[in-house]
């Protein structure tokens, strides 16, 4: 999949294209159903399937005080979209200027003008342009438009909002069922207080690069990707009351990591199961004993999982 940022330097050499337009926060199973229909339709007409999306949630500009935390970074979303088989992805920078564009202007300059759309595929709740004038019905009056019905799992409509609720409540297994893969945080490793090292469980501390949803405080069975390799891990999210922590941290003990310090390295932390709530302990010895039992349980749980089932 070829990725373009904006249309200023884009020179489409095809005569027509099937477009798939949406925000695609988290690229969940519902989103992939929409893109899959667009890919199939493009193949029927022997033309490219072009995804049009945005570099941030529109609410970040339109309603910054009410913008929900994202379900993934832009890079994570692009990787997930790449797996759909689409030909190209155009990422529009959603800034204040673009937020003021009318649906007519976006349609004329981007969809038809720059990308030569012959048809478009959108989700049932899609709308674009200033005041959200560009509804599926609006599109149908101008272009062949396929509207994909809501995607359901066990009778429940899949949505980014519902997945976000599950993640924030620590229900990572439920979130994975709707995402179609485990929920994952991406960021870089930063130096912590190195208390884990003194306790016999050195951890990597994750610093996020954007405002993404974070699972509820607690201890999780995870897998962590470092330099293209995955490692089983025990992850902890919270204030660390047992060591008088003063800020919320996201850290993970990599069970069999052979290396040493990886400060500054990009990592991805994939959450598979919550095993307990965060709690305080009467002594460091009690904390170490619990950490040992957590690691043993997580090692046992992950040994029963498919090696990297559902992880992109």
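Among the residues making up region 66-77, a single one is surrounded by fewer than 15 Cβ atoms within 10 Å (Cβ to Cβ) and in contact (Cβ under 8 Å) with a residue 24 or more places away in the chain: 75.
A single member of 53, 23 is assigned to a loop (DSSP other than H, G, I, E, B) and either in the same structural domain as residue 119 (by TED's automatic domain parsing) or touching a strand residue (DSSP E or B) at 6+ places or on another chain (Cβ under 9 Å) (or both), and it is 23. For residue 210, the conditions (1) assigned to a helix (DSSP H, G or I); (2) surrounded by fewer than 17 Cβ atoms within 10 Å (Cβ to Cβ) are fulfilled apart from (1). Could you tell me whether region 228-237 includes any residue that is touching a strand residue (DSSP E or B) at 6+ places or on another chain (Cβ under 9 Å) and modelled with pLDDT under 90? No, because not a single residue in region 228-237 is touching a strand residue (DSSP E or B) at 6+ places or on another chain (Cβ under 9 Å) and modelled with pLDDT under 90. When region 27-50 is filtered for residues that are part of a helix (DSSP H, G or I) and within 23 Å of residue 271 (Cβ to Cβ), the ones remaining, listed by number, are 29, 30, 31, 32.
The values are calculated or read from the model by the stated rules, or taken from the named source; none is laboratory data. For clarity, every value in this text was computed on a predicted model and none was experimentally measured. We place every Cβ from the backbone using ideal geometry, glycine too, and count neighbours over all the protein chains shown.
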